[in-house]
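Quick notes on the structure that follows.
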């Protein structure tokens with residue numbers, strides 16, 4: 001599948017984005033493309049763009065709390081040139097780049113209440129399949145949450161029951177890929193202490209050792 005910001009395959013999502021563009025005329029409010037070099041040894045798969053994050057800025061995990069934790073951690077382990085993508089946008093000397101890493105989402109359009117329907121996850125799955133097919137042998141895939149985890153398995157034609165999601169779980173997949181699971185770095189998960197910064201950093205540290 002070839003990505004296009006003009007995609008309107010999912011009627012519910014397309015109509016919702018039409019409404020968002022009216023309410024927030026300065027927002028991107030279109031499908032959001034992946035960020036980072038294709039075929040990197042580390043692919044991060046999120047859920048979907050956030051209303052005031054990627055949906056606003058047009059770049060995955062940029063502009064919201066989840067992005068602060070994600071990019072801060074990626075910077076700590078050498079995968080990003082700045083811990084704060086918005087500060088990087090303001091200072092050309094800090095221009096944000098990913099190093100050996102790429103970020104995408106299971107669903108590329110903002111869903112109402114951040115809850116995509118199964119049919120919408122399936123509609124975007126071909127894009128994810130393309131991302132996975134471009135990975136080199138020995139690459140790591142980090143799934144942020146259950147939906148992203150299952151989307152990866154679907155894209156590879158694998159049975160979900162054979163690879164059970166759990167925070168810090170590690171799964172060896174066909175083709176030499178390794179799937180690392182983490183709870184999503186959302187504000188809800190961190191505020192409820194389901195996910196702490198240390199817990200999240202542990203998964204990225206495991207990935208860093210794997211791709212070193």
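The values are calculated or read from the model by the stated rules, or taken from the named source; none is laboratory data. Keep in mind that this is a model prediction, so the values were computed, not measured. Neighbour counts run over all protein chains shown; Cβ positions are idealised from the backbone, glycine included.
Each residue in segment 1-27 was checked for being more than 12 Å from residue 110 (Cα to Cα) and touching a residue at least 40 places away in the same chain (Cβ under 8 Å), and 4 pass. Just one residue in the set 79, 61 is farther than 28 Å from residue 8 by Cβ, surrounded by 24 or more Cβ atoms within 10 Å (Cβ to Cβ) and touching a strand residue (DSSP E or B) at 6+ places or on another chain (Cβ under 7 Å); that residue is 79.
Within segment 125-149, being farther than 11 Å from residue 177 by Cβ and without any contact (Cβ under 8 Å) to a residue 24 or more places away in the chain holds for one residue alone: 146. Name the single residue that is farthest from residue 28 (Cα to Cα) among those in segment 71-88 being at pLDDT 90 or above and not in a loop (DSSP other than H, G, I, E, B). The extreme case among them is 76. Here residue 105 clears all of (1) over 22 Å from residue 177 (Cβ atoms); (2) in contact with a helix residue (DSSP H, G or I) (Cβ under 8 Å, 6 or more places away or on another chain) except the condition numbered (1).
When you look at residue 29, is it modelled with pLDDT of 95 or more, surrounded by 15 or more Cβ atoms within 10 Å (Cβ to Cβ), assigned to a loop (DSSP other than H, G, I, E, B) and at positive phi, yes or no? Answer is yes for this residue. Given (1) modelled with pLDDT under 95; (2) out of contact with any helix residue (DSSP H, G or I) (no Cβ under 8 Å at 6 or more places or on another chain), identify the lone condition not met by residue 22. Just one mismatch for residue 22, condition (1). In the condition set (1) at pLDDT below 95; (2) surrounded by 15 or more Cβ atoms within 10 Å (Cβ to Cβ), residue 175 is compliant with all but (2).
Within the bounds of segment 93-100, is there any residue that is out of contact with any strand residue (DSSP E or B) (no Cβ under 7 Å at 6 or more places or on another chain), touching a residue at least 60 places away in the same chain (Cβ under 8 Å) and either crowded, with 18+ Cβ neighbours inside 10 Å or farther than 22 Å from residue 183 by Cα (or both)? Checking segment 93-100: not a single residue is out of contact with any strand residue (DSSP E or B) (no Cβ under 7 Å at 6 or more places or on another chain), touching a residue at least 60 places away in the same chain (Cβ under 8 Å) and either crowded, with 18+ Cβ neighbours inside 10 Å or farther than 22 Å from residue 183 by Cα (or both). Residue pairs whose Cβ atoms lie under 6 Å apart, sitting 6 or more positions apart in sequence or on different chains, and linking a residue in segment 187-200 that is surrounded by 10 or more Cβ atoms within 10 Å (Cβ to Cβ) to a partner that is outside any helix (DSSP H, G or I), are 189/183; 189/195; 194/183; 195/183; 200/185. Scanning segment 1-24 for residues that are more than 20 Å from the chain's Cα centre (by Cα), closer than 17 Å to residue 113 by Cβ and part of a loop (DSSP other than H, G, I, E, B) gives a single hit, 24.
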